[in-house]
Amino acid sequence: MSRVKDIAIKCFRDEAQAILDLIPQLDDNFDAAVELILRCRGKVIITGVGKSGHIGAKIAATLSSTGTPAFFINPLDVFHGDLGVMTADDVVVGISNSGQTDELLRFVPYLLDHQIPLIGISGNPDSLLAKYSTCHLNVKVEHEACPLNLAPTSSTTATLAMGDALTCALIEMRHFQAKDFAQFHPGGTLGRRLLTTARDVMRTNDLPVIPPEMKLGEAIIHVSKGKLGLCVAEKDGKVVGLITDGDVRRAMESLQDKFFNVQVEQVMTRTPKCVSPDTKITKIQDIMHKNKIHTVLVVDEERHLLGVVDHFSCMF
């Protein structure tokens, strides 16, 4: 293995260890921080300088996308009019590896005067940031992954992990669900999958519908022509059953010479899986997976066939 790969592996191990080392450092301050954010009636304002600021911006974005209104602000901007965005209803999260960053500490008196809670995140539990924080999260690391032990590497990774831990705890405490996540991600594949319904993807044209009295010899032709690998049995305009190409093959094996003259209703599934047109694709995927099927029928309240959704329709 090349030397550069060895360096990469050491970096991975060092940063992974830095995250694991956070576990024994977790204490009641973490519970307090989660509780502060849960009770927050305003916004979560995250701030930090340099690399800590970049990590803070990511944490703010993750919180916002999971049900906790949050945004990042540069401490340098705070001294040029942006202090006005902070109110007593807010919670401020200050990030500084040393806990002694001057730009961050300069507006701590303002927070204290206005009784705005401060969650400090630093690698120094004896720092001024830790001293004046409402609660302090310790992200101390033994050394940086940087070969010179200078560039923020393990420390920023540990801070990012702490932010993710806060987010995960808040997701659980808020009972945040996948459908809620979709509301904040409407433009991506995940959002489309979580918001799309059967109505949006179901096939409605040239549906392979046959009467239950039809002989299997004729039904097999309709199954083939329908290009869905199935036919829907209807009586008086209502779904009464489903026959698939698998049903046809099994009937051929069991009935042999009698196959062509047996009626569909004798081998069809009388309780096919049906959903309403407003059923989410995620729910349909669960139904398909649980029942090991590839197709569901879309019906109205009176079991009139509206469409068919197959597993290909759910793949996006």
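The values are calculated or read from the model by the stated rules, or taken from the named source; none is laboratory data. Just so it is clear, the structure is predicted and the values come from calculations on it, not from any experiment. For neighbour counting, all protein chains shown are included, and Cβ atoms are generated from backbone atoms with ideal geometry for every residue, glycine included. Heavy atoms of the whole protein, side chains included, go into the accessibility calculation; ligands, DNA and RNA do not. Shrake-Rupley method; radii C 1.70, N 1.55, O 1.52, S 1.80 Å.
Among the residues of segment 259-290, those that are open to solvent by less than 60 Å² (accessible area, probe 1.4 Å), among the polar types (S, T, N, Q) and either under 21 Å from Asp236 (Cβ atoms) or more than 22 Å from the chain's Cα centre (by Cα) (or both) comprise Gln263, Thr269, Ser276. Test Ser133 against the stated conditions and say whether it is touching a strand residue (DSSP E or B) at 6+ places or on another chain (Cβ under 8 Å) and at pLDDT 90 or above. For Ser133, the condition - touching a strand residue (DSSP E or B) at 6+ places or on another chain (Cβ under 8 Å) and at pLDDT 90 or above - is met. Does segment 100-120 contain any residue that is in a strand (DSSP E or B), touching a residue at least 60 places away in the same chain (Cβ under 8 Å) and surrounded by 13 or more Cβ atoms within 10 Å (Cβ to Cβ)? Checked segment 100-120: at least one residue is in a strand (DSSP E or B), touching a residue at least 60 places away in the same chain (Cβ under 8 Å) and surrounded by 13 or more Cβ atoms within 10 Å (Cβ to Cβ).
When you look at Glu218, is it surrounded by fewer than 17 Cβ atoms within 10 Å (Cβ to Cβ), among the acidic types (Asp, Glu), modelled with pLDDT of 90 or more and within 20 Å of Leu207 (Cα to Cα), yes or no? Yes: the conditions hold for Glu218. Checked against the criteria, Asp90 does not count as on the phi < 0 side of the Ramachandran plot, out of contact with any Ser or Thr (no Cβ under 8 Å at 6 or more places or on another chain) and open to solvent by 70 Å² or more (accessible area, probe 1.4 Å).
Within the set Leu36, Leu26, the sole residue that is of a type outside the set (Lys, Arg) and touching a Pro at 6+ places or on another chain (Cβ under 6 Å) turns out to be Leu36. Consider segment 125-157 and keep the residues that are within 16 Å of Ala33 (Cβ to Cβ) and aliphatic (A, V, I, L, M). The one that is surrounded by the fewest Cβ atoms within 10 Å (Cβ to Cβ) is Ala130.
Check whether at least one residue in segment 59-78 is of a type outside the set (A, V, I, L, M), at pLDDT 95 or above and out of contact with any Leu (no Cβ under 6 Å at 6 or more places or on another chain), and report yes or no. Within segment 59-78, none of the residues are of a type outside the set (A, V, I, L, M), at pLDDT 95 or above and out of contact with any Leu (no Cβ under 6 Å at 6 or more places or on another chain). Among the residues making up segment 145-192, those that are among the polar types (S, T, N, Q), at pLDDT below 75 and part of a helix (DSSP H, G or I) are Gln183, Thr189.
Scoring Met1 on the criteria (1) modelled with pLDDT of 95 or more; (2) more than 15 Å from Val141 (Cβ to Cβ) leaves a single failure, condition (1).
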